[in-house]
Amino acid sequence: KEKQNISTSLKQQQNNLKNMIPVELKTKVANININTILSQHLSVNINYSGYNLRQKNGNASLPDSLRLNDTLFLKQRISQLNISPSYYIAKGNKLHYINGTLSLQSLKDKNPTTAARSNSNNLSASAGYTLSLIKKSISFSLNYLFSRYKQEANSYNSNGVTLGTSAQLLKNKNLNIQGNIGYYSNKFSNISTQKNLSYSANVSYNAKRH
């Protein structure tokens, strides 16, 4: 049976309540979160946040010579959307877990003086699969990562794949071993693509005393 939880919030902050500081900042934040359980094994979480940031001259008693020009003020709108589905199923000694995330972010600068270097659109996505062998206390994981950052003059793209494993060994499962290896391809604007290889390994032992 499908279950759904929805929560929302709306906030406003202002830092010049007594009209004493020279520059006033007003921030509005709206958020909505929807968590849907579609079945026993499948769920989706959706979250949206919107921000409105606006500055203006504050203290009205200041002389014109000390008041700032409108081109210096922060006037931005930021939108963020995250979608995260997940699925798992257990069969015998095996647990399969699949998850993904899609994130979109947009920044719109309403100040024409700074808009060219501030406006941006970002996209990031990930997908992962984990296989756990429950009785053997061993798991394997495969993950894919993608991100894109774009401004009017610059852009950045990144792709990556990681493979990992972990295990609990010995009779009392007190020897822990973890390891992963990753391959990444990064490109910034017109610069040639950079490729990186990363790896790590960790071993820990928990000595039990009676």
- So Leu163 fits all but one of (1) at pLDDT 95 or above; (2) out of contact with any strand residue (DSSP E or B) (no Cβ under 9 Å at 6 or more places or on another chain); (3) of a type in the set (A, V, I, L, M); what number is the exception? (2)
- Message: The conditions are (1) at pLDDT below 90; (2) open to solvent by less than 70 Å² (accessible area, probe 1.4 Å), and Ala60 fails exactly one of them. Which is it?
- Response: (2)
- Query: Which residues, counting only those in the stretch 98-153, are open to solvent by less than 50 Å² (accessible area, probe 1.4 Å) and in a loop (DSSP other than H, G, I, E, B)?
  - Reply: Asn111, Thr114, Asn119, Ser137
- Task: Determine which single condition Ser65 fails, assuming it passes every other condition in (1) in a helix (DSSP H, G or I); (2) closer than 30 Å to Tyr97 by Cβ.
- Result: (2)
- Kindly provide the set of residues from the stretch 175-199 that are of a type in the set (S, T, N, Q) and out of contact with any strand residue (DSSP E or B) (no Cβ under 6 Å at 6 or more places or on another chain), ordered by number. Asn190, Ser192
- Flag for Leu163 being assigned to a strand (DSSP E or B) and free of Cβ contacts under 8 Å to residues at least 24 places away in the same chain: yes
- Message: Taking the conditions exactly as written (among the hydroxyl-bearing types (Ser, Thr, Tyr), without any contact (Cβ under 8 Å) to a residue 24 or more places away in the chain and either in contact with a Pro (Cβ under 9 Å, 6 or more places away or on another chain) or on the phi < 0 side of the Ramachandran plot (or both)), does Ser9 satisfy them or not?
- Response: yes
- Query: Taking the stretch 77-93 as the search range and keeping residues that are assigned to a strand (DSSP E or B) and at pLDDT below 95, which one is most open to solvent (accessible area, probe 1.4 Å)?
  - Reply: Lys91
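Among Lys195, Lys173, which is the only one that is farther than 22 Å from Gln105 by Cα, out of contact with any helix residue (DSSP H, G or I) (no Cβ under 9 Å at 6 or more places or on another chain), open to solvent by less than 90 Å² (accessible area, probe 1.4 Å) and of a type in the set (D, E, K, R)?
Details: Lys195 fails: open to solvent by less than 90 Å² (accessible area, probe 1.4 Å).
Only one candidate passes the filter, namely Lys173.
The values are calculated or read from the model by the stated rules, or taken from the named source; none is laboratory data. All figures in this text were calculated on a predicted structure; none of them were measured in a lab. Every residue, glycine as well, gets a Cβ built from its backbone with ideal geometry; the counts of neighbours run over all protein chains shown. Each accessible area value is taken on the protein alone, full model and side chains, heavy atoms only, with ligands, DNA and RNA left out. Shrake-Rupley method; radii C 1.70, N 1.55, O 1.52, S 1.80 Å.
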